[in-house]
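The values are calculated or read from the model by the stated rules, or taken from the named source; none is laboratory data. Since this is a predicted model, take the numbers as computed values, not measurements. No Cβ is skipped: glycine too gets one built from the backbone with ideal geometry, and neighbour counts run over all protein chains shown.
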Amino acid sequence: MAQNTFLDKLSEKIVHSYPDKLQDIVIVLPNKRAKVFLLEALKRQLDKTVFAPEIISIEDFVQNVSGIRSIDPIELLFEFYAVYLNITEKEKQQPFENFANWAKTLLQDFNEIDRYLLNPKHVLSYLKDIEDIKHWSLDLQNRTTMIENYLEFWNLLPLYYDSLYNHLLQKETGYQGLIYREAVGNINHFSNAFKKHKLIFSGFNALNAAEEKIIRHLLSAGQAEIYWDIDETFLNDPYHDAGLFVRRFKQSWREYHTQAFEWIANDFSKEKNIKVIGTPKTVGQAKIAGQIIEKLQSKGHSLDKTALVLGEENMLIPMLYSLPASVGSLNITMGYSSKNNPAQLLIQKLFKLHTNAINRNEKSYTLYYREVLDILTHPLVEPHTGAAKLVETINKNNITFFSLNKLFEIQGEATPFFNLLFERWDNDVKAVLNQLSEILLTLKSFMGNDDEEEKIAKAFLYSVFKVINKLINYAEAHPEMNSLTVLYTIYKQVAELAEVSFEGEPLTGLQVMGVLESRVLDFENVIITSMNEGKFPSGKTQNSFIPYDVKRELGLPTYKEKDAIYSYHFYHLLMRAKNVYLLYNTESEGLDAGERSRFLTQLEIERKPQHNLQSTIYNAYLPDKAYEPMVIQKSEKVMERLKEIATGKGFSPSALTGYIRNPIQFYYQRVLRIREVDEVEESIALNTLGTIIHGALEELYKPFLNKFLTVQGIDDMKALADDEVMRQFVLVYKEGEIKKGRNLLAFEVAKRNVHNLLKLERRLIEEGDAVKVLALEQTFERTLEDSRLPHPVKISGNIDRIEQRNGKIRIVDYKTGKVEKGNLVLKAWDGLPLDIKNEKIIQLLTYAFMYEPNANGMETEAGIISFKNMKTGFMNFSFKDGFDRSAPASNVIDSDTLGEFKTQLVILIKEILNPDIPFEEKMD
């Protein structure tokens, strides 16, 4: 650390003033984290071995003064609930999960009232009066029970406060505010009993009323000294927020009328390089911070003197991934919230799965596929469950909801870990907690010790393991934790407070810290991220029952004071730094967006002469082309595969149109044989609906193959249609849910489409059509031989329906989507395969080409029946010469038509088989 730091100055003063009494000194700091840095600074001042002074945080010191033990926040909630039940009429008592929602906020207000030594009766009755005026107090006649209950709540606040305060005092335990209030009451006794030589308060900024009273009492008694760390720039400017609190103390403490105010530094105005860097998104800031650290190292700067301060904690993980490999040692001195902790997210998913399973059907314990897959695909779980077959079966068979028995039946031989995850939960809270604890211990056993990532993963696991163990203790002590609902409510409350602590070497390597952890410390190089409004400073959040104007009147801190605290931390980080990098997100929209921090504007406006301040915007490098289309050259192996298709299974009409649409898709699906992965279809997809309708029509028409259709025959089909559609649904959609929601609508659509087709068929037969169905969903194939092709090519595919109608062959293709007659009119043969708009024409003509040898010279037509355009009926392919407008449109597919088509087909297949033409991705 540089020799001009506050802790160096403090150490020098202490060693110089009390050379022989170091062990009799008590040094009080704003937080615990600075202790190790202060000990190191003291070491540098000493040339012999001595006993170190006692170094303690302000919270621990006040606890010593009061003689009261601090209570855990969740334990406090339980104690408050016990008090609440004791003083609330039985019929008005709320269950714990409802109580916890408002009790947390109320406890925060009790805490503030006590820390600022306000009269609780005055404040709480004031709130009651406000609500009284606000809510209908003038219209006493029309008060409903709800209004009465609401106002009674405010009336009871003083009773809640007194009862809880006295209850905790009897147990010699308390929340922070109670401890502070009791410490103020006990300060005379503490002062009289104080045996050490001197108390030294160091590096403070904002003090609450209780802290102020305690410190001033000890100063007046000559038992304490206080050393501030404030720069004259902030202190002497009456409007500068960074000096707001210390300025107040300097002006209002009468002690400073007779003694010097120590210390006022003059470091902020000295020479500094300050770079303000804007870049899009959180990840952009992480990448730039990594580059800055690499640059500092390359210039010979020590990382021991470098602080990376994260303005928001969720930057930690992207930041760790962005640090250069040259960062050897690292010390993370910031709590990482459980919100993004993967182990905590797994526990939440388990709660969701099991509580929903009970709520859906307690007897059969019904699971939802997505909640099961969420757990099985969780990164901590996936490698250890051996559930690949289970996941595949769920996706393949479209299983949406299933019982616990079914899950274990599909899994077959389950591992002990799998059993732990999915064993049934009952309302036995202790058993559930022990099961969760066992899951976390099992996950730990899967991890090694060497890998850095695994060390971080273990820190995450340990944090949640502590939470579960706490809950086990609570469950023993508090019978009101008697259901999964209450347990989950409490789990969420505890998990919110559970921060992950990382192990590190505090004095070597890069210091990664949050804003509050930077208190009292000085660094030569400072990198601060998330310099955006709402992050730095944190914005106008107010989780309190006390309105803003009341807080102002009573002297309680508001967001104004919170901003001033952030301001002090920010400017203190800059005070003695030489190189400062301030990163912010330039995005004004999106989840992590926001305008740049006012602190940056303030720095620019109040720029000091020796500050070299530069502002830059970094944007990601954008290549000239956003994306280079993929090009796959046709190797020998590819050509072999193409020949294998051409002479074996053959090219289908859909394969040919797929090539026209995008050659790369053709390459993936036909050459490499990569098919789409099975996924559960929660809502029936259009192609699945099409399969169901095709299947139903095939089964209904089958008994009438090669017979002339009659009205009676169609009526017989109509009678069987609904049952057949249901059979096809079960066959195709397997175990998917079809009796409710969108799928029920899809089922009705399928039935309607089938009935509409039969209705059309019946009408046409009544009007005199003679119809004989010759083939249904039948595969036809034909070899295409041409001198322009390197070898004969098989064309093969399924035709939905071939019929003989009024002496003509008709090839019918069913489409579930909407097709217009205009899509089937061809105006010129040249360039037919070049335009994807012609895909339906190409399909129909390919079917006609395949069937031609079977047509026995009968006149042939081909067309589409579109279920979304049923009123048009059968729409046939037609050719209308675009150059000769007087020529009539022809619907007949004769040898001339097929000759023209064959030429175009050869051009297309020749391109597919040409080794010199690569598969090139189409971008549109």
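Among the residues of the range 595-630, which ones are basic (K, R) and either farther than 27 Å from K560 by Cα or surrounded by fewer than 10 Cβ atoms within 10 Å (Cβ to Cβ) (or both)?
K625
List pairs: first residue in the range 106-133 and more than 18 Å from A206 (Cα to Cα) and assigned by TED's automatic domain parsing to the domain that holds V83, second residue among the small types (G, A, S) and assigned to a helix (DSSP H, G or I) anywhere in the structure, Cβ distance under 7 angstrom, at least six positions apart or on different chains.
Going by the 7 Å Cβ cut-off, the qualifying pairs are F110/G177.
Under 6 Å between Cβ atoms, which residue pairs at least 6 apart in sequence (or on different chains) link something in the range 531-560 that is on the phi > 0 side of the Ramachandran plot with a partner that is assigned to a loop (DSSP other than H, G, I, E, B)?
Note: pairs meeting the criteria are G534/G594.
Test E679 against the stated conditions and say whether it is surrounded by 12 or more Cβ atoms within 10 Å (Cβ to Cβ), at pLDDT below 90, outside the structural domain of T779 (by TED's automatic domain parsing) and in a loop (DSSP other than H, G, I, E, B).
no
May I ask you to verify whether G822 is in the same structural domain as I909 (by TED's automatic domain parsing), modelled with pLDDT under 90, under 29 Å from T647 (Cα atoms) and surrounded by fewer than 17 Cβ atoms within 10 Å (Cβ to Cβ)?
Against the criterion (in the same structural domain as I909 (by TED's automatic domain parsing), modelled with pLDDT under 90, under 29 Å from T647 (Cα atoms) and surrounded by fewer than 17 Cβ atoms within 10 Å (Cβ to Cβ)), G822 does not qualify.
Does D237 fit the bill of being free of Cβ contacts under 8 Å to residues at least 24 places away in the same chain, surrounded by fewer than 21 Cβ atoms within 10 Å (Cβ to Cβ), among the acidic types (D, E) and not in a helix (DSSP H, G or I)?
yes
So that you can scan it fast, the table gives a plain yes or no per residue for (1) loosely packed, with under 15 Cβ neighbours inside 10 Å; (2) not in a helix (DSSP H, G or I):
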site	(1), (2)
M146	yes, no
E152	yes, no
L164	no, no
E182	no, no
S191	no, no
I200	no, yes
F204	no, yes
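Give just the number: which of (1) modelled with pLDDT of 90 or more; (2) touching a Lys or Arg at 6+ places or on another chain (Cβ under 7 Å); (3) under 25 Å from P537 (Cα atoms) does F261 not satisfy?
Of the numbered conditions (1) modelled with pLDDT of 90 or more; (2) touching a Lys or Arg at 6+ places or on another chain (Cβ under 7 Å); (3) under 25 Å from P537 (Cα atoms), the odd one out for F261 is (3).
Only one of K250, K295 is at pLDDT below 95 and either outside any helix (DSSP H, G or I) or within 30 Å of S588 (Cβ to Cβ) (or both). Can you tell me which?
Sole residue among the options that is at pLDDT below 95 and either outside any helix (DSSP H, G or I) or within 30 Å of S588 (Cβ to Cβ) (or both): K295.
With D426, D374 as the choices, which residue is under 27 Å from K466 (Cα atoms) and either in contact (Cβ under 8 Å) with a residue 40 or more places away in the chain or part of a helix (DSSP H, G or I) (or both)?
It is D374.
Any chance the range 310-320 includes a residue that's more than 20 Å from L436 (Cα to Cα) and surrounded by fewer than 17 Cβ atoms within 10 Å (Cβ to Cβ)?
Yes, because at least one residue in the range 310-320 is more than 20 Å from L436 (Cα to Cα) and surrounded by fewer than 17 Cβ atoms within 10 Å (Cβ to Cβ).
Specify which of the listed residues (E640, E724, E698, E644) is over 30 Å from I917 (Cα atoms), out of contact with any strand residue (DSSP E or B) (no Cβ under 8 Å at 6 or more places or on another chain), in the same structural domain as F849 (by TED's automatic domain parsing) and in a helix (DSSP H, G or I).
Going through E640, E724, E698, E644 in turn, the sole match is E724.
Considering only residues that are out of contact with any helix residue (DSSP H, G or I) (no Cβ under 6 Å at 6 or more places or on another chain), within 28 Å of E803 (Cα to Cα) and of a type outside the set (A, V, I, L, M, F, W, C), which ones fall in the range 735-754?
Residues satisfying the conditions are E748, R752.
Against the condition more than 29 Å from M334 (Cβ to Cβ) and either at pLDDT 90 or above or surrounded by 19 or more Cβ atoms within 10 Å (Cβ to Cβ) (or both), how does N427 come out, does it pass?
Spelling it out, it is not the case that N427 is more than 29 Å from M334 (Cβ to Cβ) and either at pLDDT 90 or above or surrounded by 19 or more Cβ atoms within 10 Å (Cβ to Cβ) (or both).
Restricting the range 496-540 to residues that are of a type in the set (S, T, N, Q) and farther than 24 Å from D231 by Cα, which is modelled with the lowest pLDDT?
S501
Could you please give the count of residues in the range 504-528 that are in contact with a Leu (Cβ under 7 Å, 6 or more places away or on another chain) and among the acidic types (D, E)?
0
Considering only the range 1-49, how many residues are within 16 Å of D522 (Cα to Cα), of a type outside the set (A, V, I, L, M), assigned to a loop (DSSP other than H, G, I, E, B) and out of contact with any strand residue (DSSP E or B) (no Cβ under 6 Å at 6 or more places or on another chain)?
Total meeting the criteria: 4.
Would you confirm, using the coordinates I've provided, whether F704 is in contact with a Gly (Cβ under 6 Å, 6 or more places away or on another chain), within 27 Å of I802 (Cα to Cα) and at pLDDT 90 or above?
The answer is yes for F704.
Name every residue in the range 780-820 that is touching a helix residue (DSSP H, G or I) at 6+ places or on another chain (Cβ under 8 Å), assigned to a loop (DSSP other than H, G, I, E, B) and free of Cβ contacts under 8 Å to residues at least 60 places away in the same chain, in order of residue number.
If the condition is that a residue be touching a helix residue (DSSP H, G or I) at 6+ places or on another chain (Cβ under 8 Å), assigned to a loop (DSSP other than H, G, I, E, B) and free of Cβ contacts under 8 Å to residues at least 60 places away in the same chain, then K818, V819, E820 are the ones that fit.
State all residues of the range 610-637 that are without any contact (Cβ under 8 Å) to a residue 60 or more places away in the chain and assigned to a loop (DSSP other than H, G, I, E, B); if no residue qualifies, say none.
Within the range 610-637, Y621, L622, P623, D624, K625, A626, E628, S635 qualify.
Tell me yes or no: at least one residue of the range 860-867 is modelled with pLDDT under 90 and either among the β-branched types (V, I, T) or closer than 18 Å to V771 by Cα (or both).
Looking for residues that are modelled with pLDDT under 90 and either among the β-branched types (V, I, T) or closer than 18 Å to V771 by Cα (or both), one finds none in the range 860-867, hence no.
Could you grab the pairs with beta carbons closer than 7 Å, sequence gap of 6+ or different chains, first residue in the range 354-367 and more than 20 Å from L436 (Cα to Cα) and assigned by TED's automatic domain parsing to the domain that holds D428, second one outside any strand (DSSP E or B) and at pLDDT below 85?
Once the first residue is more than 20 Å from L436 (Cα to Cα) and assigned by TED's automatic domain parsing to the domain that holds D428 and sits in the range 354-367, its partners that are outside any strand (DSSP E or B) and at pLDDT below 85 give T366/R360.
Please determine whether any residue of the range 737-758 is part of a strand (DSSP E or B) and exposed (fewer than 15 other Cβ atoms within 10 Å of the Cβ).
no
Pull out all pairs, ordered by first then second residue, where Cβ-Cβ is under 9 Å, the residues are six or more apart or on different chains, the first lies in the range 388-408 and is outside the structural domain of K363 (by TED's automatic domain parsing), and the second is among the β-branched types (V, I, T).
Pairs that qualify, where the first residue is outside the structural domain of K363 (by TED's automatic domain parsing) and the partner is among the β-branched types (V, I, T): there are none.
Suppose we keep only residues that are in a loop (DSSP other than H, G, I, E, B) and of a type outside the set (G, A, S) within the range 334-359. Which one would you say is farthest from R370 (Cα to Cα)?
M334
What residue, among those in the range 850-899 that are part of a helix (DSSP H, G or I) and within 54 Å of the chain's Cα centre (by Cα), is surrounded by the fewest Cβ atoms within 10 Å (Cβ to Cβ)?
Looking at residues that are part of a helix (DSSP H, G or I) and within 54 Å of the chain's Cα centre (by Cα), I get K871.
Condition check ((1) in a helix (DSSP H, G or I); (2) over 30 Å from V486 (Cα atoms); (3) among the charged types (D, E, K, R); (4) in contact with a Phe, Trp or Tyr (Cβ under 7 Å, 6 or more places away or on another chain)) across all residues:
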position: F51; (1), (2), (3), (4): no, yes, no, no
position: N64; (1), (2), (3), (4): yes, yes, no, no
position: L77; (1), (2), (3), (4): yes, no, no, no
position: N86; (1), (2), (3), (4): yes, no, no, no
position: A103; (1), (2), (3), (4): yes, no, no, yes
position: D109; (1), (2), (3), (4): yes, no, yes, yes
position: D114; (1), (2), (3), (4): yes, no, yes, yes
